[in-house]
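A short write-up of the structure that comes next.
The values are calculated or read from the model by the stated rules, or taken from the named source; none is laboratory data. This is a predicted model, so every value here is computed, not measured. Cβ sites come from the backbone with ideal geometry, for glycine too, and all protein chains shown count toward neighbours.
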Amino acid sequence: MQTVSSRDVPNNTTVEIRLTFSVDTHIVERIADFVNDGILDAELIDVESEHSAMSACIGAQATGVRTFTATASQGLALMHEMLFVASGMRLPIVMAVANRALSAPINIWNDHSDSVAARDSGWIQLYVESSQEALDTVIQAYRIAENKDILMPVMVCLDGFTLSHVWEPVDIPTKAKVNQYLPKYKPVHAFLDPRKPITQGPVGFPDSYMGFKRMQQEAMKRSIKAIEKANSDFRKKFRRSYGNGLIEPYKMQGAQYAVVAMGSLCGTIKHVVDEMRKEGKKVGLLKIKAFRPFPTEHIQKAAKNLKGLAVIDKEISLGSDGALFTEIRSALSGQGKTRISGFIAGLGGKDVTPDHIRKSIETAMKSKETKEEWLQ
């Protein structure tokens, strides 16, 4: 495994486009090609594991340079310990996660079990639908993470195989435009320098630890507006955006029922919504882009006039329900009479077909109680 650090990594547009259709190791291997060919001025660090990859990112970022790495599945699980260190030290690291299932049994196909298992690690999590959105979100991620009022690491979650192994046409922004949108990195705080020794990541005793966690929580809440602004400014510069950066409604005007989902599945859902609209059924899609921070107020506003919601999770919190279903149910608790139906689908890369999506919507139309089913 490898990780990369550079003062200008996100300003090299060649790197961002490669990120959109590579997967975990392949991403940094392609970056290695760029460094070797002189396209990218960066230092590539070879390490022995994903745990070490995140450790290297932490060390590099602590010296005051931009850093990036990529992982998936068991790799993300292996670096789990260091995810908390990165966020607790308030280091604006950016990482691509090519979402894949966790074993056992051994499975290398797509679902969201890897990143959702890290939802409480203090990382902003942004889920993308397409390769174009992956490219654009990586650029925005640095803008969000490095905001002096945020200083939190960001995961850009793209569906493994569905996006990472499929080629799509992508509009590549010029380096000049990226530089205008994303200025040269200037660390907010003093960083590791042998000439001026400091301590980072010290012991947090009971009288102070909780205060640090509260500051992280407040920064995560502030990131709601930072994400919206990053998306809005991106739209002004590049003429494209993704809803408000937090959620992206699709044909929600006049809708009575809607599907809620994350990632590339939303493309298939849009197709089903289009077909059902032609049939005169008032349905729509509420695509969740930001899972952390969870945009509760925006979801409440988008769903206030709905009779029912069908929430599709591509993971399962064993012993409970799907994580997205749980969050939506909590967000809409006491918010009117919207009935919520949850569905577990696509685990381990199992196809989620238009028929599955249609079934979820029809179930939401008929259901008189909040419940969860499996689509198989």
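Computed quantities for the displayed model
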item	result
Residue identified as at pLDDT below 80 and aliphatic (A, V, I, L, M) among V47, V94, V4	V4
Residues within the stretch 39-56 that are buried (at least 20 other Cβ atoms within 10 Å of the Cβ) and in contact with a Leu (Cβ under 8 Å, 6 or more places away or on another chain), tallied	2
Per-region count, the stretch 48-73, residues closer than 15 Å to I27 by Cα, assigned to a loop (DSSP other than H, G, I, E, B) and not hydroxyl-bearing (S, T, Y)	1
Lone qualifier among E275, E218 - being of a type in the set (D, E, K, R), under 28 Å from R119 (Cβ atoms) and at pLDDT 95 or above	E218
The stretch 21-66, subset over 17 Å from the mean Cα position of the chain (by Cα) and of a type in the set (S, T, Y), residue nearest to N110 (Cα to Cα)	T25
Any hit, the stretch 141-148, residues being over 20 Å from A77 (Cα atoms), in a helix (DSSP H, G or I), of a type in the set (S, T, Y) and modelled with pLDDT under 95	no
Hey, M252 in a loop (DSSP other than H, G, I, E, B) and either within 27 Å of S115 (Cα to Cα) or in contact with a strand residue (DSSP E or B) (Cβ under 6 Å, 6 or more places away or on another chain) (or both) or not	yes
Verdict on N244 being modelled with pLDDT of 95 or more and assigned to a helix (DSSP H, G or I)	no
The stretch 261-272 residues that are over 10 Å from K287 (Cα atoms), paired with ones that are part of a helix (DSSP H, G or I) (beta carbon under 7 Å, 6 or more apart)	T268/P354; T268/I357; H271/P354; V272/P354; V272/I357; V272/R358
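Condition check ((1) assigned to a helix (DSSP H, G or I); (2) within 22 Å of Y250 (Cα to Cα)) across all residues:
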position: F291; (1), (2): no, yes
position: F294; (1), (2): no, yes
position: D321; (1), (2): no, no
position: S330; (1), (2): yes, no
position: Q335; (1), (2): no, yes
position: F343; (1), (2): no, yes
position: K359; (1), (2): yes, yes
position: A364; (1), (2): yes, yes
